[in-house]
Each structure stands twice: as C-alpha cells, then as structure tokens.
Amino acid sequence: MSKPILDVVSLNKSFEVKSKKTLWGKPTRVQVLQDISFQLYEGETLSIVGESGCGKTTLGRCIVKGISASSGEVNYMTEEGDTVDFLKLKGKEAKKLRKDIQMIFQDPYSSLSPRMSVFDIIAEPLVANFKLKKSEIEEKVAEIASQTGLNVSYLRRYPHAFSGGQRQRIAIARALIMQPRLIVCDEAVSALDVSIQAQIINLLKDLQESFKITYIFISHDLSIVQNISDRVAVMHLGKVVELAPSEAMFSRPLHPYTEALMSAVPQPDPERKKDRIILEGEVPNPANPPSGCHFHPRCAYRTDKCVQQVPELREVDNGHFSACHYAGELNLKGVQANEAKRA
Amino acid sequence: MTTQTAQAACKADDGQPLLSVQDLKIRIQMDNGVMQAVDGVDFEIKKGKTLGLVGESGCGKSLTSRAIIGINPKECETTGVIKYDLASEGSASDPIDLLSLDPKGKRIRSIRGNKIAMIFQEPMTAFSPMYTIGNQMVEMIRIHRTKNKKEAKKIALEMLGKVGISDQEKRFDQYPHEFSGGMRQRAMIAMALSCNPELLIADEPTTALDVTIQAQVLELMQSLQREFGMAILLVTHDLGIIAEMCDEVAVMYLGKIVEQAPVREIFYNPKHPYTKGLLKSMPRLGGEKSVRLDSIEGSVPMPIDMPPMCGFYERCTDRIEGVCNARSVPKTRISDDHSVRCFLYSDQQRGEAQ
Ligand SMILES: Nc1ncnc2c1ncn2[C@@H]1O[C@H](COP(=O)(O)OP(=O)(O)OP(=O)(O)O)[C@@H](O)[C@H]1O
Ligand SMILES: Nc1ncnc2c1ncn2[C@@H]1O[C@H](COP(=O)(O)OP(=O)(O)OP(=O)(O)O)[C@@H](O)[C@H]1O
Ligand SMILES: [Mg+2]
Ligand SMILES: [Mg+2]
C-alpha cells in the first residue's frame, strides 16, 4: 500500500451536556469518541459505518478541524511529504492546509448559506483560495455542476429553491471544485435517487483514479459502502469495533454488531423472506455506557466475560481488526457474493 | 383509478380512499419562464395502506407531498383537487378539498399535524434551533392531543424511546444541534407519530439512520398502521424500503407519474424505461468493488416551455422518433392496477385509461 496520508492516534472527544435539572450542579461530560486510532492511505477509500449517534460525524469534524478534539493526534502528511499534527496547527498554515481537506456535511440544508446564490456557494472556495479570472471561475463551476448533474441555468437561484437531492449535490460540487487531497463525505449521497447516486459514486471513483484523492466515506448504506470502499471501519458508541479490508469485512465479519448491521439491510425484493437480526434491548446511552463490551446488552453471543471485561481492538486476521472477545471463534454471517441477485 | 372490476376484486378495503389527489399541478415563475414543476399528478391512498413515491431527484416529490398539507412557499402556484375523507370526524361523507382551504386558516391547521402529519426530508426544517427538542415536541402534542403538560411530556418521552433514543430525560432538554443527524431525524419522526395521525407523509424519513435503527423505525410505523389503520405516503429513493413497506408504488419523472402499480409488479414486471433504468442502477449488497454502477445516461431537462412530449425522451433507449417527441404521453392501463405513461404500450388492446 502507499504511504499514509493521515495517521489518527488516540483521538478523544467529549461534550459538555447541561441538563435543566442540574443547572445548579455541574454539567456532565459525555465521551463521544474514545481512543480512536487508524491510518489512512493515500488514494484509498475508508468507509465508516455504525449506529446513529455513535460519533461518525464528530470524528469527521475533528479531522477537518470543524471542532477541536479533546485529546489525541491527527497527523497529516503534506504534499511535500512533511508530517504535521493537524490539531496543533494555527493561523496561516492551518488555512493553507485546510484547503487540502474538505468535508461534505451530512445536512446540506444547514450547511449552505441561504443568502448566497448557488453559483456563489460553489465558487466560494475557489474565490477565497485562488486568484482566478471571472471567466475561469464560471468555466470551473459549470464543469463541476454538470458533472454532479446540476442544471447550469439553475445556479443563480438560492438554496431554498432546490430539492433535497439537488442541495446535496451543491454541497458535493463545492467540495470537489477545490480538488482537495482528502474528502470526508458524511452521508453525502443519502438523498439521491439510485441513478444519480450511481453517477456521483462513479464520479468520485474517477476523480480518485485521476488525482489520487483519498476518501473517508461515512454512510449507512452498506451496498454503496461495499461498492466504494477499500477498507471499512465499524463504529459503536464512540469506538471502532471492527476494521478490515472491505471484502473480508463483508464476507466474514468478526464482530456481532457488524453481523447485525449486515442482516438488517432492506432487500429490494418484495418476495424475499426477511432474515434480520433484531437487536433486543435499549440503544446504549453514551452518558452511561454499559460495562465491559459496550455491545453486550444487545449481543446474542454474550458471556460473563463480555459483561466484565472491556475488549481491546486486536488484529485477528491479516489487517482485520475486531474488538470482540470471541472474534474468530464465532461463526458470523456476512454477505454472500451473489446473495442479493435475482434469478 | 379503480375500475369496476378492480373494485369487485377488492375485499374489505374497498371503501373511499382517505386521500385522493387529482390533476395536481404546481407552477413556479422563474426568470426565464414558468416552470411546470408538478404536471398533472393523480393518486389515491386508502386507510391502512402505504403508497411509495420514487423518482429522479428534483422531479417534484417533495413539492407534491407538501402541497397536500398546504405548506409550499407562495411562489408555487398550485391547482387540482386534493380530496381528504373526514368521515372519522362524523361529518357528512363528502370528502373536503384540502386545496380549497385557506392555507393559513383554522381548518387546515387543525388537520395538519393532527390528522395528517409530515416527516420532512431535512430535519432542521422541522425544528427551531432556539428551543429544546422536548419543548418543541410538547408544544406540538399540546396543540393536538392533550392540554395537560405532564401528560404531553410523558407521551413525548415515550415516543423518543420508541424511535431508539436512550436517556430520553436528558435528551428531552437538549437543543437540535446537540443531536446527531440521525437522532434529529428520529426526534422528528417521534414528533410526527406522537399525534396518531390518520395519514403520515414521510419524505425520505430514514436517510440518516443506520440499518438496524431504520428497521426499528419502519417497524414502528407498520405497527401504528396495524393498530390504528394509519395510511402512509412514503417518499424514498431506497428501493429496499419500498419493497418492504409499500402496497403500491408510483414512479415519478419530471413532474409526472410515469408508472403506477402494486409493489410486486414494479419489481417483477416494470414497464416504463425509466423504472427499468432505476431498478438497474440500484446498488445491491453482494456486488463487488471496481464494478461501475449503472446510471441512466443524460440529465433531466428543465420543465420550462416544454413542447408536448415525453420528458424522458432524451435519455430513453427505446424512444420512437416522431412519436415520443411529438405528443404528450397518455396514461395506458396495462392491467387493472398497473398503468404507465409510455408510447411503447399505448397501442395495446387494453385501451387508454381516463
Ligand atoms: N421554491 C422553489 N422555487 C423554485 N424552484 C423550486 C422551488 N422548490 C422546488 N423547486 C424546484 O422544483 C423541482 C422539484 O422539487 P422537489 O423538492 O419537489 O423535488 P424532489 O422530487 O423532492 O427531489 P429530491 O429527491 O432531490 O428531494 C426541483 O427542480 C426544484 O429545483
Ligand atoms: N455540539 C454537541 N453538543 C453535545 N453533544 C453533541 C454535540 N454534537 C454531537 N453530540 C453528541 O455526540 C454523539 C455523536 O454524535 P455524531 O453526530 O457524531 O453521531 P453520528 O455517528 O454522526 O450519528 P448519525 O449517524 O445519527 O449522524 C451524539 O450522542 C450527540 O448527541
Ligand atoms: Mg452524523
Ligand atoms: Mg425531496
């Protein structure tokens, strides 16, 4: 594999949560990211999947430094080959590097300024970072707009006059126009119909091939994740519980939570029998996480050990990490290569 | 849509539709002309049933959904009939036309939220950033269900639990920005369902949810459907969800419904080239990386000053020159409950639908 472009070391993040009832007391801190470490290689796509609220967006925002982490390092290898801790950068240098890393935000509605025309929204990063002629800017915007399936003659309108999927493509166009080295895509194609989704995924792959762009692809859509990823990380309650090359993850998951996720994907076939694992019990509460393995209350395979001991993320197979005490011993069900194909 | 034969075939549910949308049109004035964003949409939904609405991004699904409860911005000039059956209110059996009501009036406001609830595509449009989630839920419940503050809070907490939000007491006092994307979406679902609506309009309700929580939320909707006969208009691009949830499916393209049929027919016997293209583009679990996903070539035209022709013409691989680009496409009935707007089928023996 190529050199790592990003080396995340023991990243932690907690939020202060005030409750009305504790107005006079101390606000509680909720640990949202716990000791996250991974490396990201140049030109690869690492997908992050996991339960809603487990910290995926927070992780993305810590990396692009939309918010500051509580502790840890995000070591970034610049184009010149120097390594800098992204979290310690300030001022000019930070600004210079920031344009290398873009994030497509989960909620396009609140990430697009309502008072700017869509043309200006897409062009803004160019205008802010490069000295370009008006005609050059117009050309670039037109190019990226048509690549993302946006009608160029629509662009003088404001965001409110676009549909949900169109707004999502505006956010994608804005991130891509800079030709960044690393893009964090947070549910970036979730509002698109399958045909446009396919078009955007193909575009992302083409750009990756031509410019070696690296992606962190946060998504809950496992069929897309399977199509786009080199590696996949599964998060649960602020921790990475499984990390593996995509093929290995899908054919042989090594964590029961991953197995449950894969079984719950709705199948596009009205006659198919559903065979999903329903997770029993409550969704865990990050403010008061379960003892031992955080997944144990909902795990069908739990033993006393799971209730008492915290499992470490360990390498079980070549490049395949799992944080389950019984990784490798359980026979978990993945996705068969042609399972979903219809006759 | 229902013919006499189809009516005879139906059993218990052959009463009046709860909602019946007829010839809905939405025009928007633009700099360079009038955009026909929704162009003659018809469908109906019966009590206890789910109609799926799928289609190209930007084809008018959200405009159609919002028109039902009258909340499109004023630049959207809307015509047609949206009949809603208020029989449960004990009023005379003639359904009322929601479009004829004053969009700011008392009548529509009492229907909105109470009888018809909506889950919005973008959760932040449903919540104000200024108030806590709990505050906003309780306010909604107090308008529609109970004046009692304590009871309203109890209902809110219970609903939050049902959509998989733990530690509800604390979450209740948090602001929307302190929720994750999927949690905001679930809070909005909880708010919409907390008033036991007769009709739920769900516009891309689970786009931010992981599959296990998505399954839980969809199951919750289905259980309310079984228990109270709630009807659902489900807008989604996720064909897996369509397959699991819907009785019938309407496929929309450029402001028109181009195909409508029971869910099984759409998946096993699709007719319209656009429907076929959609099914082909669908990413399937079990596929491989490096396989290029199929997409439908070309892009959607702008529906401004469109001559009478098929909106899919430019992208269609089966188009007939001189036919498909020369006339507007009538609705053809393939069978009692399957209709399509495509010239490939219009000369079949079955004849044209009304
Ligand atoms: N207020 C508005 N002013 C001008 N154009 C608008 C307005 N609202 C919507 N449109 C346009 O009308 C068309 C239909 O929009 P709508 O939001 O209904 O699409 P949609 O089918 O819900 O798409 P998506 O799947 O992307 O959410 C789009 O082309 C959109 O740009
Ligand atoms: N500004 C904030 N203040 C307090 N808590 C926050 C804040 N931002 C996020 N959180 C909490 O951090 C946790 C993780 O949130 P995050 O948005 O990272 O989740 P996520 O994995 O992206 O979920 P989803 O899939 O639903 O988008 C949640 O419990 C959330 O409530
Ligand atoms: Mg998120
Ligand atoms: Mg929409």
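The values are calculated or read from the model by the stated rules, or taken from the named source; none is laboratory data. This structure is a prediction, so every number in the text was calculated from the model and none was measured. Neighbour counts are summed over all protein chains in view; Cβ atoms, including those assigned to glycine, are modelled from backbone coordinates with ideal geometry. Each accessible area value is taken on the protein alone, full model and side chains, heavy atoms only, with ligands, DNA and RNA left out. Shrake-Rupley method; radii C 1.70, N 1.55, O 1.52, S 1.80 Å.
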| query | Before we move on, is B:Gly286 on the phi > 0 side of the Ramachandran plot, without any contact (Cβ under 8 Å) to a residue 40 or more places away in the chain and either assigned to a loop (DSSP other than H, G, I, E, B) or not aliphatic (A, V, I, L, M) (or both)? | reply | yes
| Looking only at the range A:208-227, which residues are out of contact with any helix residue (DSSP H, G or I) (no Cβ under 7 Å at 6 or more places or on another chain) and within 14 Å of chain B (Cβ to nearest Cβ)? | A:Gln208, A:Glu209, A:Asp221, A:Ser223, A:Val225
| query | Does any residue of the range A:147-168 turn out to be more than 10 Å from chain B (Cβ to nearest Cβ), within 13 Å of ligand 1 (Cβ to nearest atom), open to solvent by 20 Å² or more (accessible area, probe 1.4 Å) and not in a helix (DSSP H, G or I)? | reply | yes
| field | Top-ranked residue of the range A:24-69 - restricted to ones that are outside any strand (DSSP E or B) and of a type in the set (Val, Ile, Thr), ranked as nearest to ligand 1 (Cβ to nearest atom) | value | A:Thr57
| query | Which of the residues that make up the range B:278-290 are under 25 Å from A:Asp230 (Cβ atoms) and more than 7 Å from chain A (Cβ to nearest Cβ)? | reply | B:Glu288, B:Ser290
| said: Within the range B:147-164, does at least one residue satisfy the condition of being more than 16 Å from ligand 1 (Cβ to nearest atom), crowded, with 21+ Cβ neighbours inside 10 Å and not in a helix (DSSP H, G or I)? | reply: yes
| query | How many of the residues in the range B:219-242 are in contact (Cβ under 8 Å) with a residue 24 or more places away in the chain and open to solvent by less than 10 Å² (accessible area, probe 1.4 Å)? | reply | 10
| request: Identify all residues within the range A:201-232 that are open to solvent by 10 Å² or more (accessible area, probe 1.4 Å) and within 17 Å of A:Ile5 (Cβ to Cβ); write none if there are none. | output: A:Leu207, A:Gln208, A:Glu209, A:Ser210, A:Phe211, A:Lys212, A:Asp230, A:Arg231
| request: Can you work out which of the residues in the range B:27-41 that are open to solvent by 50 Å² or more (accessible area, probe 1.4 Å) and outside any loop (DSSP other than H, G, I, E, B) is farthest from B:Thr332 (Cα to Cα)? | output: B:Gln29
| task | Just name the residue that is surrounded by the most Cβ atoms within 10 Å (Cβ to Cβ) out of those in the range B:42-79 that are at the interface with another protein chain (Cβ under 8 Å from one of its Cβ atoms) and in contact with an Asp or Glu (Cβ under 6 Å, 6 or more places away or on another chain). | result | B:Glu56
| task | Give the residue that is farthest from ligand 2 (Cβ to nearest atom), with candidates limited to residues of the range B:182-210 that are open to solvent by 10 Å² or more (accessible area, probe 1.4 Å) and assigned to a helix (DSSP H, G or I). | result | B:Met191
| query | Inside the range B:310-333, can you point out the residues that are part of a loop (DSSP other than H, G, I, E, B), over 15 Å from B:Gly40 (Cβ atoms) and out of contact with any helix residue (DSSP H, G or I) (no Cβ under 8 Å at 6 or more places or on another chain)? | reply | B:Glu321, B:Gly322, B:Ala326
| task | With the condition kept exactly as written, say whether any residue in the range A:297-309 is within 30 Å of A:Gln39 (Cα to Cα), more than 11 Å from every other protein chain (Cβ to nearest Cβ), open to solvent by less than 30 Å² (accessible area, probe 1.4 Å) and more than 24 Å from the chain's Cα centre (by Cα). | result | yes
| note | In the range A:30-60, anything touching a His at 6+ places or on another chain (Cβ under 8 Å) and either away from ligand 3 (no atom under 11 Å from the Cβ) or of a type in the set (Asp, Glu) (or both) is listed as A:Val49, A:Glu51
| Of these, A:Ala188, A:Ala198, A:Ala123, which one is open to solvent by less than 10 Å² (accessible area, probe 1.4 Å), touching a residue at least 24 places away in the same chain (Cβ under 8 Å), more than 13 Å from ligand 1 (Cβ to nearest atom) and not in a loop (DSSP other than H, G, I, E, B)? | A:Ala123
| said: Please go through the range A:295-314 and give me each residue that is part of a loop (DSSP other than H, G, I, E, B) and of a type outside the set (A, V, I, L, M), ordered by number. | reply: A:Phe295, A:Cys299, A:Tyr301, A:Arg302, A:Thr303, A:Gln309, A:Pro311, A:Glu312
| Of the conditions (1) modelled with pLDDT of 95 or more; (2) closer than 19 Å to A:Ala142 by Cα; (3) surrounded by fewer than 22 Cβ atoms within 10 Å (Cβ to Cβ), A:Leu182 fails just one. Which one is it? | (2)
